[in-house]
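The values are calculated or read from the model by the stated rules, or taken from the named source; none is laboratory data. Just so it is clear, the structure is predicted and the values come from calculations on it, not from any experiment. All Cβ positions, glycine included, derive from the backbone under ideal geometry; neighbour counts span all protein chains shown. Ligands, DNA and RNA are stripped out before the accessible areas are found, and what is left, the full protein with its side chains, is counted by its heavy atoms. Shrake-Rupley method; radii C 1.70, N 1.55, O 1.52, S 1.80 Å.
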Amino acid sequence: MTTSPMRVDSPTGSTPSGRGPVRQTRRLPRWAAAASFAAAIVVALLLGQLRDTHIALLALGAVALGTVLLYSLSRAVEGPRRATDRLTTCLVYSAFGLAMVPLVSLIVEVVRRGAPRLDGEFFSWSLLGVVGEGGGAYHAIMGTLVITGLTTLIAVPIGLMTAIYLVEYGTGRLKRTITFLVDVMTGIPSIVAGLFAYALFALFLGPGVRLGIAGAVALAVLMIPVVVRSAEEVLKLVPNELREAAYALGVPKWRTIVKVVIPTAMAGLATGVTLAIARVIGETAPLLVTVGIANATNFDPFDGRMATLPVYAYYQLTQPGVPPEFAIDRAWTAALVLILIVMGLNVMARLISRFFAPTTGR
Amino acid sequence: MAKRIDVSDLNIYYGSFLAVQDVTVSIEPRSVTALIGPSGCGKSTFLRSINRMHEVLPGARVEGKVIMDGQDLYGPGVDPVDVRRQIGMVFQRPNPFPTMSIYDNVAAGLRLNNKKISKSDLDGLVERSLRGANLWTEVKDRLGRPASGLSGGQQQRLCIARAIAVEPDVLLMDEPASALDPISTLAIEDLMTELKERFTIVIVTHNMQQAARVSEQTGFFNIAGAGQPGRLIEFNPTEKIFSNPDQKATEDYISGRFG
Ligand SMILES: Nc1ncnc2c1ncn2[C@@H]1O[C@H](COP(=O)(O)OP(=O)(O)OP(=O)(O)O)[C@@H](O)[C@H]1O
Ligand SMILES: [Mg+2]
């Protein structure tokens, strides 16, 4: 009895499926699917020879043609139910393929254009005194690390404690209000967070202020709701029985949270934090208005402008100078490094949840 | 130091729902008291109100008196955390701390409360508690392994070891053997017989034979109907309850003629 909305009805209505003795059904051979699509690709290529068509159009045509071919074949041989199944399978795979197109093409393009400058100089030089060829993004990489590190220092304690309040202590209206505000914060456009941090610091230090710490505050505004959300989900997963076990030993509530709940949820919390860092590390707009850009390396977030990878990429691309190629190459390499960092963080998150999960196995 | 507990006129609520009404009972030290009764009649609720675990649920509250050796556990100024240090509890489902080793689980009561204790004293305590819970021989070679790697019955005995390691005066057990095989069940029953030399034990069970085997006193809880509060119908020496109970309802329940 499946009445799920996912069900796809065959267009001609369903044939009564044979109960009783097992019906012998004719099946298409295994290679039928591959053959249909191969045929479709051949047809598409031939058509492409005849008339000059864009490769994307040809690919689309081949997929559509292959689907139609397979469906008709299957319908003729296997009957409508299996044909519908095959049609749905084709549609699902095509949708997946379509979703992968932007991702794959983006990565291919960034790697292709960013790889040439992915050299030692890029990681060890700043742009100080560099005109034209050479130069690197050492200052921007360091700036990104410093500012993201500060952001994490600000956002993780606040986010974690908020989540702990919501899960362990909160009741009634205050809890609902905080949950609502966190939801609202999740939706704040990043430029608004940047303007907020800028306005905050301009209030004290005068207009035109550019500080690493202001960027960290802006990013923290974006990061806190992400941390709260993920930590909340993870803390809720800690079974209540463990809390009760600790209470029954005469352990006070706060100590139960610190020594039992948090260690049990540690893997999930660390994963959530890592993903939250990955989420903010590529932010450009808020850093553009709060931190600006610099050509020299500056480790001090409380003193003046700093370079960060996304802003670096932005300026190298929009103000490349003459001749422009070298700066544009650096922009692509900066983008590539950023992608590598984010991927690294994601891999780290997976490793953390794999290795630090409470061992349940025998 | 086993202690005696006197409960008088106890009403237990979940929010506005009266779950257990008007319980008055005396629990003797150095004995096993069994609580029996149909599902949903409030046995667990009553048990949890003895060590003030009931009130950790939002909206849950208690009226009446629970007096342990002269001290009202619900009196003003009594810290529920202190009460729970004196009255340990073993739950129906084994709940060892999954992040801790077997050793750390037994030591948890002290460790989590930051008791200062030397390594050798702690080793001794862990061994004594595990021996007390009849688990020592099975785990002595893998004390550092995660507790979640034990079988269900071993986990339950680990939880008992964890509970007795803090040396409480009273031990509450909520269906400690309901998820266990007959052999583990027997091991836990033997254990109760040993432990009652030192502790006051209250056990909830659905197993009549178990109640008859291990307990000196038995209380029968019943419920008049859905939504009604549970009540303590009869409280008598176990032999009397199982041979010649005062109440017709008790006899019906025990002999399986239960509506
Ligand atoms: N957390 C809770 N919130 C509200 N009502 C509850 C809660 N826990 C139990 N109750 C209600 O209190 C009554 C007694 O429940 P309790 O768990 O004490 O029964 P029990 O005798 O232990 O049953 P069992 O033998 O099935 O364990 C039941 O009507 C139950 O629905
Ligand atoms: Mg129960």
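Which pairs have Cβ atoms under 8 Å, sit 6 or more apart or on different chains, and link a residue in region A:113-141 that is acidic (Asp, Glu) to one that is assigned to a helix (DSSP H, G or I)? What qualifies is A:133/A:326. The listed residues are A:307, A:265, A:296, A:334, and the only one of them that is of a type outside the set (Asp, Glu), more than 14 Å from chain B (Cβ to nearest Cβ) and in a helix (DSSP H, G or I) turns out to be A:334.
For region B:7-60, taking the residues that are part of a strand (DSSP E or B), within 15 Å of ligand 2 (Cβ to nearest atom) and under 24 Å from residue B:71 (Cα atoms), the one that is nearest to the other protein chains (Cβ to nearest Cβ) is identified as B:60.
Hey, any hits in region B:224-235 for a residue that's closer than 26 Å to residue B:167 by Cα, away from ligand 2 (no atom under 16 Å from the Cβ), open to solvent by less than 30 Å² (accessible area, probe 1.4 Å) and not aromatic (Phe, Trp, Tyr)? No, every residue in region B:224-235 fails to be closer than 26 Å to residue B:167 by Cα, away from ligand 2 (no atom under 16 Å from the Cβ), open to solvent by less than 30 Å² (accessible area, probe 1.4 Å) and not aromatic (Phe, Trp, Tyr).
Conditions tested, residue by residue: (1) buried (at least 23 other Cβ atoms within 10 Å of the Cβ); (2) more than 14 Å from chain A (Cβ to nearest Cβ); (3) at negative phi; (4) in contact with a Leu (Cβ under 7 Å, 6 or more places away or on another chain).
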{"site": "B:62", "(1), (2), (3), (4)": "no, yes, yes, yes"}
{"site": "B:73", "(1), (2), (3), (4)": "no, no, yes, no"}
{"site": "B:78", "(1), (2), (3), (4)": "no, no, yes, no"}
{"site": "B:82", "(1), (2), (3), (4)": "no, no, yes, no"}
{"site": "B:88", "(1), (2), (3), (4)": "yes, no, yes, yes"}
{"site": "B:113", "(1), (2), (3), (4)": "no, no, yes, no"}
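Of all residues in region B:149-197, those satisfying the criterion of being of a type in the set (Val, Ile, Thr) and either in contact with a Lys or Arg (Cβ under 9 Å, 6 or more places away or on another chain) or not in a helix (DSSP H, G or I) (or both) are B:164, B:166, B:170, B:188, B:193. The residue that is modelled with the highest pLDDT, among those in region B:163-179 that are open to solvent by 20 Å² or more (accessible area, probe 1.4 Å) and within 16 Å of ligand 2 (Cβ to nearest atom), is B:175. Out of A:199, A:115, A:220, one residue alone is aliphatic (A, V, I, L, M) and in contact with a helix residue (DSSP H, G or I) (Cβ under 6 Å, 6 or more places away or on another chain). It is A:220. Criterion applied to B:60, B:2, B:19, B:34 was being touching a strand residue (DSSP E or B) at 6+ places or on another chain (Cβ under 6 Å) and away from ligand 1 (no atom under 15 Å from the Cβ), and the one residue passing it is B:2. Pairs are defined by a Cβ separation below 6 Å, a sequence spacing of at least 6 or placement on different chains, a first member in region B:42-53 that is over 18 Å from residue B:226 (Cβ atoms), and a second member that is more than 13 Å from ligand 2 (Cβ to nearest atom) and open to solvent by 10 Å² or more (accessible area, probe 1.4 Å); the pairs so defined are B:49/B:62; B:51/B:84; B:52/B:80.
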